[in-house]
1. So which residues in segment 35-53 are free of Cβ contacts under 8 Å to residues at least 24 places away in the same chain and either part of a helix (DSSP H, G or I) or aliphatic (A, V, I, L, M) (or both), if there are any at all?
2. For ASP45, only one of the following conditions fails: (1) open to solvent by less than 80 Å² (accessible area, probe 1.4 Å); (2) modelled with pLDDT of 85 or more; (3) under 13 Å from the mean Cα position of the chain (by Cα). What is its number?
3. Name the one entry in GLU95, GLU137, GLU113 that is open to solvent by less than 80 Å² (accessible area, probe 1.4 Å), out of contact with any Lys or Arg (no Cβ under 8 Å at 6 or more places or on another chain) and at pLDDT 70 or above.
4. Any chance you could count how many residues in segment 12-32 are in contact with a Leu (Cβ under 8 Å, 6 or more places away or on another chain) and under 19 Å from ASP45 (Cβ atoms)?
5. Would you point out which residue out of CYS67, CYS32 is open to solvent by 30 Å² or more (accessible area, probe 1.4 Å), assigned to a helix (DSSP H, G or I) and touching a helix residue (DSSP H, G or I) at 6+ places or on another chain (Cβ under 8 Å)?
6. Here are some conditions: (1) surrounded by fewer than 12 Cβ atoms within 10 Å (Cβ to Cβ); (2) modelled with pLDDT of 90 or more. ARG55 meets all but one. Which one does it not meet?
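The values are calculated or read from the model by the stated rules, or taken from the named source; none is laboratory data. Because the structure is a prediction, the values reported are computed rather than measured. Counting neighbours? That spans all protein chains shown, and the Cβs are built from the backbone with ideal geometry, glycine included. Accessible surface areas use protein heavy atoms only, side chains included; no ligands, DNA or RNA. Shrake-Rupley method; radii C 1.70, N 1.55, O 1.52, S 1.80 Å.
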Amino acid sequence: MNDMSGATKEKTVRDYLFGCVNFPVPDDCVECILKDREELVSGDDKLSDTDLMVRHLLKADLYVWICMGPTKVNSTSDSDNGWSHSEGGYQLTDEDKDRMLAYAKTIYDKYGEEFDYDDSVEVTVSSFGIQPCDYNEAGIPLPHEVSL
């Protein structure tokens, strides 16, 4: 990579993680992955000095993190007085997630790491709508007790 002066900047491990996929990855995601692997590498380490095993494990961690997230991330845009900026979202199919998880599992198996991904967990959100509220003698709203 080149900086503003035209000099070549050495790519870091952090840069590598951001470049592993073709869509934006949150900074917090990369920082969490680096924190979990801090005994092996630092985000500011030069990529050229980083072992191939470490790079593979970091990429596998990133893929698992992505698969644990939402299937669709919407794009965002901002504009003001003729200036505009937008960041694209992405959408992953079940096939995309399966492929990423298979790659991660292959890497973990190759290096003797545990693969702790359980995709059998389902989250269901139910809404009871807006319910009327009961009040106590002082006029303070009482919490709803919902029985399922």
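1. Here is the first cut: in segment 35-53, the residues free of Cβ contacts under 8 Å to residues at least 24 places away in the same chain are 35, 38-40, 49, 51-52.
Matches in segment 35-53: LYS35, LEU40, ASP49, LEU52.
2. The single condition ASP45 does not satisfy is (3).
3. Values: GLU95 fails: open to solvent by less than 80 Å² (accessible area, probe 1.4 Å); GLU137 fails: open to solvent by less than 80 Å² (accessible area, probe 1.4 Å).
Just one listed residue meets the conditions, GLU113.
4. As a first pass, look at segment 12-32 and keep what is in contact with a Leu (Cβ under 8 Å, 6 or more places away or on another chain): 12-17, 20-21, 25, 29-30.
Still in the running and under 19 Å from ASP45 (Cβ atoms): 12-17, 20, 25, 29-30.
The qualifying residues number 10.
5. On the way: CYS67 fails: open to solvent by 30 Å² or more (accessible area, probe 1.4 Å).
Exactly one of CYS67, CYS32 is open to solvent by 30 Å² or more (accessible area, probe 1.4 Å), assigned to a helix (DSSP H, G or I) and touching a helix residue (DSSP H, G or I) at 6+ places or on another chain (Cβ under 8 Å), namely CYS32.
6. Condition not satisfied by ARG55: (1).
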